[in-house]
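Here is the structure we will look at, set down as structure tokens.
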Amino acid sequence: MATPTMFSSLRRRISPSLEAFLAPSQVNESTILQTLTICSKELVLSFSDTFVPCHRKNFQSLIRKIDIFVSLFEHFNDLGSGCFFFTAILCFKEMYVMLSRTKMLLDYCSQSSRLWLLLQNSTISTHFLDLNKDILTFLDVFPCEEIELCQDVKELMELLKKQLKREKLFIDQHDEAMRVQLYNFLHEFEVGGIPDKAELQMFFVEGLGIRDEKSCRSEIEFLEELIYNHENDVEPTSSVIKGAVALTQYCRFLIFGFGGDDDTMCLENCKKEREGVASQETMETLGTVPKDFCCPISLDLMQDPVIVSTGHTYDRYSITQWMEEGNYSCPQTGQMLAHTRLVPNIALRRLISEWCIAHGISFDPIETGDKSMGTISVALPTRAVIEVNRATAKILVEQLSCGSDGAKIIAAHELRLLAKTRRESRVCIAQAGAIPLLQRLLSSPNPAAQENAVTAILNLSLYEDNKSLIVEEPGCLSLIVEVLRFGHTEESRENAAATLFSLSVVHDYKKRITDENGAISALAGLLKEGTQRGKKDAVTALFNLSTHMDNCSRMIEAGAITALVDAMETEGVAEEALGVLGMLVRQPIGAQAVNKEERAVPRLINMMRHGTSRGKENAVSAMLELCRNGGPSIIQKVAKVPAFSSLLHILLYTGTKRARRKAASLARVCQKYEAVALPYGLWGVGYTFSSNSSANLGSSFTSDVSVSMSISVPVLWGMLGLLFHGLCLMHASCLGFLV
């Protein structure tokens, strides 16, 4: 038996057009009338006094019709189910489905974003008309002649039928005027103006009934989630919805001010955002994202990589915006584009998707609109969105300058969110003068203020021109380092490390960062004791800093070597730590410092044996630089490692191309100082390197044999057998057999 519980609340994010046909239709015939009576009564009671700012007349008209059906169902129920034949029962079942659809539509209108209802004015009015037509169909096909109905009921049904036949699509002109006004507001921003505050207040407060800051936040959250889940299948386009979001954000502060949150709520909101899909910090995985996956323009992870005529790949949004600004050259090469056609880089997008899945990062590839044409439809933010965000940034920066302590925290939090999205937002925030004001909050005793400030600076630093504004701001770099060392929260310290990484992309700033008191030691400490994300941020920052030749001695003094050696056994950062060590040991002072660490060589050997492909590459590369720059004592120490020659042999056979090249170079270095039995993989012939031997690893087969006279017969036969086995595998592979 179906009960009223079948009317579970409609999910706010689902359109009634998608859910309308999903209502249950399997109901008990013996209790169908009782169920219809209960459901219709619940609808009337639940929605009779509900305030809806849009579609009010359609909403109330539908409730009145359902109220009439309450009387009809009560009368039918009094007659008893035995009086109805198969046709009537079938009509009742269809009516049950109709009531389900009615519940969904009424729920949708009462719970959805008011701006969204306004934008969907025509579509939702059509849903009401469709339900009226379905009710009319029910009345037309219902077999009244088979049932002994009283005259009053028959007349009531006839009157309702006549009314429904006169029903036409009704679009409330007041709603339509408000919808047009919304577009006018956006247009005014687009042409460089700013709408009157009184008009905006009348629109939001009196027109839509949005009377407080909390209601504004609900509107923004609804629309943002709508964009995220249905960006390419909504009407109007997502660019219009983004405009509505930006306008609501602007009016939230313009009309309602900054009194809605306290410090604790701000900090809780920050934590909640990290768990949400649409609210991940832009730089949360900055240190781990492969360079090839980032757009050269925005430095963000590419969502929709496309190829321009020069063969370079960019994110579709960034390169399209670049072209719309009148630039018709390749941003990387400066070469003029032969055409403006963008070709989707499907292979790269697949790699990005796989990488995101492997690292637990949300990534929804944009679906292809017309596969035959190879194009992808992506809604780009309009000029209006940019200008509205610029106006919002000015209000927020003004609060940072002269607002109360609570208002400053809220403003920093909102700037942080605004800066995490697109380049244009980062530009306008910096131009509004936010960086010096955010710098002041870095030394705040309030944890929420400090965390929001450092994260906002982090997001602003993603734009190339902002890096110089941050570094050149007096005292800003020092305060970022102070947050890294003594930050109130773990998130603050991690984001400070990520900020240093972002700034260190510029070569000239690497030395300045390293020279800041305590910067390297704090990064080393975070690498030792931080969370997984903190260790990632620290090791990637250290890598960038290690690429400057003058930083080696300072990094050694600060204890970076010890932290990096320890990190070689830490999952998730071991490969990056090897990369940093590989840079440091390129200088003799770095090689000597690594040699003093007793665990360094054994851990390098262990990584060469058991690491991933990339880990083995980095390990053998670091070992090669260590031997080249560390002197004979280090080479002898490495050469005496048990089975070292066998390890090189394995790498020569099974390593990647880079690993094989580095292993061969390492063998040539070792042969100059110490006897190492190394079978050379290409020919399967053993070598006995001696310190006075003139042979090298790249010699021909004849010269190798003439030099290496100490090959034992068993070893030679073993290597020839291995060569024969390899030739058999190659032959079988060509024939399509598996040996």
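The values are calculated or read from the model by the stated rules, or taken from the named source; none is laboratory data. None of the values given here were measured: they were computed from a predicted structure. For neighbour counting, all protein chains shown are included, and Cβ atoms are generated from backbone atoms with ideal geometry for every residue, glycine included. Ligands, DNA and RNA are excluded from the accessible area calculation, which covers all protein heavy atoms including side chains. Shrake-Rupley method; radii C 1.70, N 1.55, O 1.52, S 1.80 Å.
Points to keep in mind about this one:
- Boolean, K637 is charged (D, E, K, R), part of a helix (DSSP H, G or I) and either free of Cβ contacts under 8 Å to residues at least 40 places away in the same chain or closer than 18 Å to L564 by Cβ (or both): no
- Failed item in (1) modelled with pLDDT of 90 or more; (2) of a type in the set (A, V, I, L, M); (3) in contact with a Phe, Trp or Tyr (Cβ under 7 Å, 6 or more places away or on another chain), with I147 passing the rest: (1)
- Residue list for the range 418-456, restricted to those being closer than 24 Å to W322 by Cβ and open to solvent by 20 Å² or more (accessible area, probe 1.4 Å): L418, K420, T421, R422, R423, E424, V427, Q431, A432
- Cβ-Cβ under 8 Å pairs, at least 6 apart or on other chains, the range 433-456 side in a loop (DSSP other than H, G, I, E, B), far side of a type in the set (A, V, I, L, M) and open to solvent by 20 Å² or more (accessible area, probe 1.4 Å): L442/L479; S443/L479
- Helices (runs of 4 or more DSSP H) wholly inside the range 140-251 containing at least 2 residues that are closer than 30 Å to H75 by Cα and open to solvent by less than 50 Å² (accessible area, probe 1.4 Å): 151-166
- Against the list (1) surrounded by 24 or more Cβ atoms within 10 Å (Cβ to Cβ); (2) at pLDDT 95 or above, the condition E482 fails is (1).
- Residue match in the range 485-496 (condition: surrounded by fewer than 21 Cβ atoms within 10 Å (Cβ to Cβ), more than 14 Å from A412 (Cα to Cα), among the hydroxyl-bearing types (S, T, Y) and in contact with a helix residue (DSSP H, G or I) (Cβ under 6 Å, 6 or more places away or on another chain)): yes
- Top-ranked residue in the range 74-108 [being free of Cβ contacts under 8 Å to residues at least 60 places away in the same chain and among the polar types (S, T, N, Q); ranked as surrounded by the fewest Cβ atoms within 10 Å (Cβ to Cβ)]: T87
- Filtering the range 109-129 for residues that are over 21 Å from C150 (Cβ atoms) and either of a type in the set (F, W, Y) or more than 46 Å from the chain's Cα centre (by Cα) (or both) leaves a non-empty set.
- The residue that is farthest from Q120 (Cα to Cα), counting only those in the range 40-73 that are part of a helix (DSSP H, G or I) and open to solvent by 70 Å² or more (accessible area, probe 1.4 Å), is K41.
- Of the listed requirements (1) part of a helix (DSSP H, G or I); (2) closer than 20 Å to V539 by Cβ; (3) within 33 Å of the chain's Cα centre (by Cα), R658 misses just one: (2).
- Filtered residues of the range 457-477 (kept if part of a helix (DSSP H, G or I) and surrounded by 22 or more Cβ atoms within 10 Å (Cβ to Cβ)): I457, L458, N459, L460, N466, I470, L477
- Residues of the range 312-347 that turn out to be part of a strand (DSSP E or B), modelled with pLDDT under 85 and open to solvent by less than 70 Å² (accessible area, probe 1.4 Å), as a count: 1
- Top-ranked residue of the range 286-308 - restricted to ones that are open to solvent by 30 Å² or more (accessible area, probe 1.4 Å) and within 18 Å of A347 (Cβ to Cβ), ranked as modelled with the highest pLDDT: I307
- Subset of the range 395-417 [surrounded by fewer than 18 Cβ atoms within 10 Å (Cβ to Cβ) and part of a helix (DSSP H, G or I)]: E398, S401, C402, D405
- Positions within the range 571-608 being basic (K, R) and touching a helix residue (DSSP H, G or I) at 6+ places or on another chain (Cβ under 6 Å), in sequence order: R586, R599
- For the range 467-490, a tally of residues being under 12 Å from P436 (Cα atoms) and among the hydrophobic types (A, V, I, L, M, F, W, C) returns 6.
- Identity of the residue in the range 123-136, among the hydroxyl-bearing types (S, T, Y) and modelled with pLDDT of 90 or more, that ends up surrounded by the most Cβ atoms within 10 Å (Cβ to Cβ): S125
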